[in-house]
């Protein structure tokens, strides 16, 4: 039986974790990206689709390229962060299903259904984006996820060679600078957004 | 500085966790649903949108209703599970932004843009669905997320009074029965779905 997490671990991944706008100088390396991926890939996706495709921007030039695709305030955060990641989604993920989901012909469920693939790539790719955020936090990193960017520019800059891959969202990574965060946004009470049946 | 998780905690939320098809008789109560929600709501969403709306099916009648909307194999899993949850998304989440994101007029970003709201509700609602899965595991529960159901039937059965809320996905909850799982699906190597720039 799995061991529930202790209070400190729950703080690390949910309760004390925050979206950071700025980070310390602590470096983020390819080994860190690999450790995060090795965790996040274990998270469940429908029929093991694993539609996310990640570009880890570890050198300054790649972060300048990404910053040039982002809104003004986000551009500055990306330029100054130790690392950033582009979370893309493969809208032809079904081509990989014969090896990712060998039990049955799941590829056939999506052949000829580009709208269904878009929907499934966004749903399951976003699950994987959340797994990335939690996995990074679990390993002691802080994350700054962002939606404020020009998707066409990001796709042209990072996925020109993979036209079926489209950006979902982007995030900065590093050790959070506590002076860079705002007050936490209000959180709903259970009864506001939940029902029991 | 946040404390990284130890190996046992990483096993609980990612490495040893599995998608269970069947569960033991251990009961899942409203207090458990509230504890999961109190964690998952801390996870970040764009502009604190919090678009997910949850219906926790704790009594057998509600699980029968949900099972009647699901594919044959999923229906059986739902009927036999101690609990299930319908993860809906409010496509008019922007109406809540004045109190959820008081810093600025984020509601105006989405007024008159139903397509943008659908996209954002699916992206951020799926992030919250992943937070639910991880939060449940962190508290010692196992989860069986599912996409195999008739969305129109689920919407009619659970959200008839909230026409802006649409089901995203559903999941069973309980203490997993190890005899109910299949072999784990293959996981990609880093270099298959990642690039470093």
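Summary of values
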item	result
Residue B:8, sole failed condition from (1) surrounded by fewer than 21 Cβ atoms within 10 Å (Cβ to Cβ); (2) within 7 Å of another protein chain (Cβ to nearest Cβ); (3) part of a loop (DSSP other than H, G, I, E, B)	(3)
Considering residues of the stretch A:15-32 that are facing another protein chain (nearest Cβ under 7 Å) and touching a residue at least 12 places away in the same chain (Cβ under 8 Å) only, the residue nearest to residue A:120 (Cα to Cα)	A:19
Filter pass, residue A:193 being surrounded by 15 or more Cβ atoms within 10 Å (Cβ to Cβ), in contact with a strand residue (DSSP E or B) (Cβ under 6 Å, 6 or more places away or on another chain) and under 21 Å from residue B:106 (Cβ atoms)	yes
Some residue of the stretch A:87-102 being over 30 Å from residue B:41 (Cα atoms), more than 9 Å from chain B (Cβ to nearest Cβ) and in contact with a strand residue (DSSP E or B) (Cβ under 9 Å, 6 or more places away or on another chain)	yes
Test: residue in the stretch B:77-85 that is assigned to a helix (DSSP H, G or I) and surrounded by 20 or more Cβ atoms within 10 Å (Cβ to Cβ)	yes
Residues located in the stretch B:33-60, provided they are under 24 Å from residue B:179 (Cα atoms) and more than 7 Å from every other protein chain (Cβ to nearest Cβ)	B:60
Any hit, the stretch B:179-186, residues being facing chain A (nearest Cβ under 10 Å), closer than 30 Å to residue A:28 by Cβ and crowded, with 16+ Cβ neighbours inside 10 Å	yes
Set B:175, B:153: member being surrounded by fewer than 16 Cβ atoms within 10 Å (Cβ to Cβ) and in contact with a strand residue (DSSP E or B) (Cβ under 9 Å, 6 or more places away or on another chain)	B:153
Residue identified as surrounded by 21 or more Cβ atoms within 10 Å (Cβ to Cβ) and either under 17 Å from the mean Cα position of the chain (by Cα) or under 28 Å from residue B:149 (Cβ atoms) (or both) among B:49, B:60	B:49
Condition met for residue A:105 (more than 9 Å from every other protein chain (Cβ to nearest Cβ), more than 11 Å from the chain's Cα centre (by Cα), part of a loop (DSSP other than H, G, I, E, B) and more than 26 Å from residue A:65 (Cα to Cα))	yes
Output for the stretch A:157-182, where each listed residue is free of Cβ contacts under 8 Å to residues at least 12 places away in the same chain and under 21 Å from residue A:93 (Cβ atoms)	A:160, A:161, A:163
Residue among B:129, B:144, B:125, B:116 that alone is within 11 Å of another protein chain (Cβ to nearest Cβ), outside any loop (DSSP other than H, G, I, E, B) and free of Cβ contacts under 8 Å to residues at least 24 places away in the same chain	B:116
Counted residues, the stretch A:147-166 - those being within 11 Å of another protein chain (Cβ to nearest Cβ), over 24 Å from residue A:27 (Cβ atoms) and within 17 Å of the chain's Cα centre (by Cα)	5
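Laboratory data are not the source of any read-out in this text; all were calculated from the coordinates shown. Just so you know, these numbers come straight off a predicted model, no measurement behind them. Note: ideal-geometry Cβ built from the backbone for every residue, glycine included; neighbour counts use all protein chains shown.
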